[in-house]
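The values are calculated or read from the model by the stated rules, or taken from the named source; none is laboratory data. The structure presented is a predicted model; accordingly, all values stated were derived computationally and were not measured. FYI the Cβ positions are ideal-geometry reconstructions off the backbone, even for glycines, and counts take in every protein chain you see.
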Amino acid sequence: MDSMRSVGTLTRADLAETINRKMGFSRSESLDLVEAVLARMCEAMGNGENVKISGFGSFVLRDKKERVGRNPKTGVEVPITPRRVMTFRASQKLKERVAKGS
């Protein structure tokens, strides 16, 4: 079996289930907590703030300027409009954990 294959997707429901099991909140309260955290993160990024979760990583916003791009099939140059992009930078702890595979 390939050790680099994807093993699934962690969902909001999975996060809520973990909170339910570990913290003892009801399923509804657990899901509300997950939704509140995600909503706050989205609100912050929508306001131009970066989001840093210690030991996990940072969601970093970058403003990209207008530039000229090229259609790879035709070679025709086209303008790429200015935009804001989000990147994720994993913390050193997360990188180490992923490298170990646990």
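Given the criteria assigned to a strand (DSSP E or B) and in contact with a Gly (Cβ under 7 Å, 6 or more places away or on another chain), does Arg89 qualify? Before the answer, list the steps.
Numbers: assigned to a strand (DSSP E or B): yes; in contact with a Gly (Cβ under 7 Å, 6 or more places away or on another chain): yes.
Yes; evaluated as a whole, the condition is true for this residue.
Which one of these does Glu49 not meet: (1) assigned to a loop (DSSP other than H, G, I, E, B); (2) at pLDDT 95 or above; (3) surrounded by fewer than 10 Cβ atoms within 10 Å (Cβ to Cβ); (4) of a type outside the set (S, T, N, Q)?
Only one criterion is unmet by Glu49, namely (3).
Only one of Gly48, Gly24 is within 24 Å of the chain's Cα centre (by Cα) and at positive phi; which?
Being within 24 Å of the chain's Cα centre (by Cα) and at positive phi holds for just one of Gly48, Gly24, which is Gly48.
One line per residue, one yes/no per condition, for (1) more than 27 Å from Cys42 (Cβ to Cβ); (2) within 19 Å of the chain's Cα centre (by Cα):
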site	(1), (2)
Gly57	no, yes
Lys65	no, no
Gly69	yes, no
Gly75	yes, no
Pro79	yes, no
Arg83	no, yes
Lys95	no, yes
Val98	no, yes
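Of all the residues that make up segment 52-86, how many are in contact with a strand residue (DSSP E or B) (Cβ under 9 Å, 6 or more places away or on another chain), under 23 Å from Leu38 (Cα atoms) and part of a loop (DSSP other than H, G, I, E, B)?
Matching residues across segment 52-86 total 1.
Based on what the data block shows, is Val76 loosely packed, with under 10 Cβ neighbours inside 10 Å and in the same structural domain as Gly101 (by TED's automatic domain parsing)? Before you say what the answer is, go through the steps one by one.
Numbers: loosely packed, with under 10 Cβ neighbours inside 10 Å: yes; in the same structural domain as Gly101 (by TED's automatic domain parsing): yes.
Taking the combined requirement at face value, the residue satisfies it.
When residues of segment 5-39 are filtered for being of a type in the set (Gly, Ala, Ser) and either part of a helix (DSSP H, G or I) or surrounded by 14 or more Cβ atoms within 10 Å (Cβ to Cβ) (or both), how many remain?
We begin by selecting, within segment 5-39, every residue of a type in the set (Gly, Ala, Ser); these are 6, 8, 13, 16, 24, 26, 28, 30, 36, 39.
Checking which are either part of a helix (DSSP H, G or I) or surrounded by 14 or more Cβ atoms within 10 Å (Cβ to Cβ) (or both) leaves us with 13, 16, 28, 30, 36, 39.
Result for segment 5-39: 6.
Answer with yes or no whether Ala99 is surrounded by 10 or more Cβ atoms within 10 Å (Cβ to Cβ) and not in a loop (DSSP other than H, G, I, E, B).
On the way: surrounded by 10 or more Cβ atoms within 10 Å (Cβ to Cβ): no; not in a loop (DSSP other than H, G, I, E, B): yes.
No; evaluated as a whole, the condition is false for this residue.
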